[in-house]
Amino acid sequence: MLHPDSTAPGPTTIDRATCESLDAADPLAPFRERFDLPDGIVYLDGNSLGALPRATRAHVDRVIAEEWGIGLIRSWNDAGWFAKPQSVGDRIAPLIGAAEGEVVLGDSTSGSLFQVVTAAARLRPDRNVIVAEHGSFPTDLYVIEAVQSMAGGATPLERRLVRDGGPALDELLGDDVAVVVLTHVDYRTGRMHDLAEVTARVHEAGAIMVWDLCHSAGAVPIDLGAAGADFAVGCTYKYLNGGPGSPSFMWAASRHHEAARPAVTGWHGHARPFDFEIGYEPMSGIGRFRVGTPQLLSLAALEASLDIWAEVDMSLVREKSLRLTELFMALVDRRLGAWPIEVVTPRRSTRRGSQVALRHEDGYAVMQALIERGVIGDFRAPDLMRFGFTPLYVTHADVWDAVESLHDVLESEVWREPRFAHRSAVT
Ligand SMILES: *Cc1c(COP(=O)(O)O)cnc(C)c1O
């Protein structure tokens, strides 16, 4: 069955022509023209690196030629460079249910997590436990280790991990828990937490809730404000199409701004950066999460993609995303039943984001063979093939073609060729 709201035919009747007619009726179809995608490629890795918006090149060119080339140092004022991390943050706010003045751009998600988790832990000085998930993106766990190692309290911070098969979150939530750090949509399986429900449970235990939105910003509707969450971070180079190395964002609920003490206190977060005082005093508001000079060229690329996102209705994105992922799983069931492939992504629509993971013992080689055929996904150790569905530029016909290509790769066993077993540095 396709997702319950869908009017599309079920998987037993669907064929490529049906996919094409779904694409013809798709209200998001015009957005595909806004992206510069190579011919002959089915791009299912926009959850790792979003596609290039057509407008980005000219916009970045203009920033380089005019703001840098001609404006030179004057652009810090004239082009609003100093304010960019916050003015661009305000453009991300509507995508995550944040208010104006609550979002600031940082550097990498890892660095931003360090800022935010430290600030969160310092709001609960009488508690000494940080809870996270064993299956988290590892950088999140490494950053928590860094926060533990620099905590100055009387008792060292302890890290407790939620695992599949136990212990569950509720078992770990005691009155010693300061902070809970969870990824909204799991980077491997695509499993999605209920943001509001989990936040409420964490608050009941008196802890601070930090959300990692890397795989949800631009993928699913998010309402941090309605959920009453405390802090969040996310990246902009995945579903938001900011380009390789585009900056991460940080969100803090405004009720925490004046008490928040992030880890790294740099001059761009100072109350009066151009007074060059020798002591640190935090800027009021979200700006205190800033550190140093922002990556303005990366911010320029991000601004071009946010012009697109300003026009996007996230409920349409969600509806199409569920159709695409549902269609993909249904076609995998129908076409790939002969091979040892398992769909590990939750089938329940409320429990998944915008990606699907397939388990196959030789998933790495199968994915390399698939990429050679022009269907680009990626691989996560030990055995998951990952496919991201980005509704602004992926079509139903793309989904059909991807499953047919996967079928060909498995049937021909071309993936057994030794060259596909060679592991590149980045998988
Ligand atoms: C992609 C991703 C990151 C990336 O971190 P960077 O420091 O920006 O490289 C972190 N956490 C999660 C959950 C991710 O999916």
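The listed peptides 330-341, 311-322, ordered by packing as a protection proxy, come out as 311-322, 330-341 (highest mean of other Cβ atoms within 10 Å first). For region 316-427, the per residue solvent-accessible surface stands at 39 Å², with DNA, RNA and ligands left out and a 1.4 Å probe. Count Lys and Arg as plus one, Asp and Glu as minus one, and take only other residues whose Cβ is under 13 Å from that of ARG74; the net charge is then -3.
Applying the criteria of a DSSP loop state and at most 16 other Cβ atoms within 10 Å to the GluC sites (Glu not before Pro) of region 60-108 yields GLU100. Using only side-chain charges placed at the Cβ, +1 for Lys and Arg and -1 for Asp and Glu, the dipole size of region 145-231 relative to its Cα centre rounds to 260 debye. When +1 charges are put on Lys and Arg Cβ atoms and -1 charges on Asp and Glu Cβ atoms, the dipole computed for region 82-309 relative to its Cα centre reaches about 380 debye. Take every pair of alpha-carbon atoms less than 8 Å apart whose residues are at least six positions apart; their mean separation over the length of region 82-309 yields a relative contact order of 25 percent. Available extension along the chain between SER349 and THR427 is 25.3 nm, counting 0.36 nm per residue and deducting the alpha carbon span.
Given R0 = 56 Å, the distance between the Cβ atoms of ALA271 and THR13 translates into a calculated FRET efficiency of 0.30.
When you filter the chymotrypsin sites (Phe, Trp or Tyr not before Pro) in region 24-85 for DSSP loop state and at most 11 other Cβ atoms inside 10 Å of their Cβ, nothing is left. Rounded to the nearest 20, the size of the Cβ-charge dipole of the chain about its Cα centre is 480 debye, with Lys and Arg at +1 and Asp and Glu at -1. Starting from 0 in steps of 5 Å, tell me what percent of the Cα-Cα pairs of region 94-236 lands in each bin. Answer for region 94-236: a P(r) of 2, 10, 21, 25, 22, 13, 5, 1, 0 percent. Among PRO30, PRO221, PRO53, the largest mean-square fluctuation in a Gaussian network model of the chain, built with springs joining Cα atoms closer than 10 Å, belongs to PRO30.
Expressed in Å, the radius of gyration and Dmax of the Cα atoms of the chain are 22.3, 71. Between ALA24 and GLU100, full extension at 0.36 nm per residue minus the direct alpha carbon distance yields a gain of 23.7 nm. Note on the chain: antiparallel DSSP beta bridges, both residues inside, total approximately 55 percent of the bridges counted. Rank GLY353, GLY292, GLY243 by mean-square fluctuation in a GNM of the chain with C-alpha springs under 10 angstrom and give only the top-ranked residue. The residue with the greatest mean-square fluctuation here is GLY292.
Using only Cα atoms, locate the centre of region 123-168 and the centre of region 60-90, then give the distance between them in Å, rounded to an integer. Cα centroid to Cα centroid, the span is 38 Å.
As a length-normalised measure over Cα pairs under 8 Å and 6 or more apart, the relative contact order of the chain settles at 22 percent. Protein heavy-atom surface of region 82-309, 1.4 angstrom probe: 53% of the accessible area is carbon and sulfur, with nucleic acids and ligands not counted. The chymotrypsin sites (Phe, Trp or Tyr not before Pro) of region 243-294 that meet both conditions, a loop assignment by DSSP and at most 16 other Cβ atoms within 10 Å of the site Cβ, are PHE276, TYR280. Computed from label points 7 Å out along Cα-Cβ, the spacing between MET150 and HIS134 is 2.9 nm.
The values are calculated or read from the model by the stated rules, or taken from the named source; none is laboratory data. Being a predicted model, the structure only gives us computed values, none of them experimental. Here Cβ is always computed from backbone atoms with ideal geometry, including for glycine, and neighbour counts include all displayed protein chains. Just the protein is used for accessible areas: all its heavy atoms, side chains included, with ligands, DNA and RNA removed. Shrake-Rupley method; radii C 1.70, N 1.55, O 1.52, S 1.80 Å.
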